[in-house]
Amino acid sequence: MILIQLSERQHAIMAFVKKNEPATGDQIARFLKLTRATIRSDLAVLTMTGILDARPKVGYFYSGLEKNPGLFEDIRNLKVSEVMTHPILVPKEMSVYDAIVQLFLEDSGSLYVAEEARLIGLVSRKDLLKSTIAGSNTKETPIVTIMTRMPNLLTIKKTDPVLDAALSIVSHQVDSLPVVEAEDQIIGKLSKSSIVELFVTTLKEEN
């Protein structure tokens, strides 16, 4: 088993939190003389691997889990194909109203717009909310008019490491990433909830 290799900055963050817990993201950024956005991926690594514990509206706590040399190897070796779930595909002609209904029926954060299984766009909760607030006729407005179109979507491959995909979700602040093959054929999705479930299950097994 191999211990995860932390960067010098991640070691500095860990040391600061150990000494000053609970430490907020702003406090850590000021200590490092960096912006909060710059250290977002570092904090994601440290919390997703269990070294730091993040508590909303409180801050970061040190857990000490980096002392366990076998904790991270399985996660580091996992590929997206082993964790991805089935994507919810909808046609571009679907109305905003029907998309809202579909989103809540599926309890999902986004819908993938496809033509013959080829990804052409994405509609998120935010997109639907903005359209509704703007006063558009939700029963008449097709989602093609509000979706984010390819190639402006961030996508991943089934062979990508799960940890890299998780960091992309955190750094780009999205609910999920579509998994595509050649010619944008969509075969799955990796969501925040899938990532959380993976880390929670792994950490429970180690305790």
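Quick note: the coordinates plus some simple rules give every number you see, no bench work behind them. Nothing here was measured: the structure is a model prediction, and the numbers come from that model. Note that we place each Cβ from the backbone using ideal geometry, even for glycine, and neighbour counts take in every protein chain shown.
Spin-label pair residue 130-residue 26: with each label point 7 Å from Cα along the Cα-Cβ axis, the two points sit 2.7 nm from one another. Taking each residue as 0.36 nm, the span from residue 152 to residue 201 lengthens on full extension beyond its C-alpha to C-alpha distance by 14.3 nm.
Restricting to the chain, what percent of DSSP beta bridges are antiparallel, rounded to 5? Display every interim value, and only then the final one.
Details: 22 of 25 bridges.
Among the beta bridges of the chain, antiparallel pairing accounts for roughly 90 percent.
Take the alpha carbon atoms of the stretch 103-123, find their center, do the same for the stretch 1-56, and report the distance between the two centers in whole angstrom. The stretch 103-123 and the stretch 1-56 have Cα centres separated by 34 Å. Scanning residues 5 or more positions from residue 90 or on other chains, those with amide H under 5 Å from its amide H are 112, 113, 114, with H placed 1.01 Å from N in the peptide plane.
Which residues make up the longest stretch of the chain clear of trypsin sites (Lys or Arg not before Pro) that lie in a DSSP loop with no more than 12 other Cβ atoms within 10 Å, not counting the sites?
Numbers: sites that count: 33, 57, 139.
So the longest stretch without any such site is 58-138.
For the pairs 19/157; 18/57; 126/157; 18/126; 57/192, note any where the Cα-Cα span goes beyond 29 Å. Flagged as over cut-off: 19/157; 18/126. Multiplying each eigenvalue of the alpha-carbon gyration tensor of the chain by 5 and taking the square root yields semi-axes of 36, 20, 14 Å, largest first, rounded to whole angstroms.
Taking label positions 7 Å along the Cα-Cβ direction at both residue 36 and residue 57, the computed distance is 1.6 nm, reported to one decimal.
Remark: relative contact order (the chain) = 21 percent; criterion is Cα-Cα distance under 8 angstrom and separation of 6 or more residues.
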